[in-house]
Amino acid sequence: MRIGEAAAAVGMTAKALLSPAGRSANGYRDYPEEILGKLGLIRRGKDAGLALAEIHEVLRIRDAGQAPCTHVADQLAQQLASLDEQIVELTALRESVAELHAAVAAGNPDECDAQQVCSYL
């Protein structure tokens, strides 16, 4: 199975994360069917917002013959904490933008002072 076929099977590209496979007679790298499991893990990791380096570490642990479950649990806990922090920041930003928008909606653009960059900001 060529990398393009394997990647297409799971809806992604992942050359950078995979060790190069041996080449077949036609010169293409030939990956075993088991690569689909790794590509699926890569896709799920990306869908969870993990960085490629974090996913690569999971694969490294697994390729070393260890179960990466504890490591993955820690990564997902960190990702949840990061998402919670981003939600708080985005909520505050939204409130700020909503206040500015309310001021714009209550204002009259025809009365804006041309000497100012923008009286709304």
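Placing pseudo-labels 7 Å out from each Cα toward the beta carbon at Ile61 and Asp30 gives an inter-label distance of 3.4 nm.
Here the label points at Ala53 and Leu90, each 7 Å from Cα along the C-beta direction, are separated by 2.3 nm in the simple model.
Projecting label points 7 angstrom from Cα along Cα→Cβ for Glu99 and Cys69 puts them 4.8 nm apart. Between Leu90, Gln78, Leu100, the Cα set farthest toward the positive side of the dipole of the stretch 68-121 (charges on each charged residue's Cβ, about the Cα centre) is that of Gln78.
Return the FRET efficiency for the residue pair Ser82, Tyr120: r is the Cβ-Cβ distance, R0 is 35 Å, and the value is rounded to the nearest 0.05.
0.60
Readers should treat all values here as calculations from the given coordinates under stated rules, not as data from a laboratory. Just so it is clear, the model here is predicted, and its values are computed rather than measured. Note: ideal-geometry Cβ built from the backbone for every residue, glycine included; neighbour counts use all protein chains shown.
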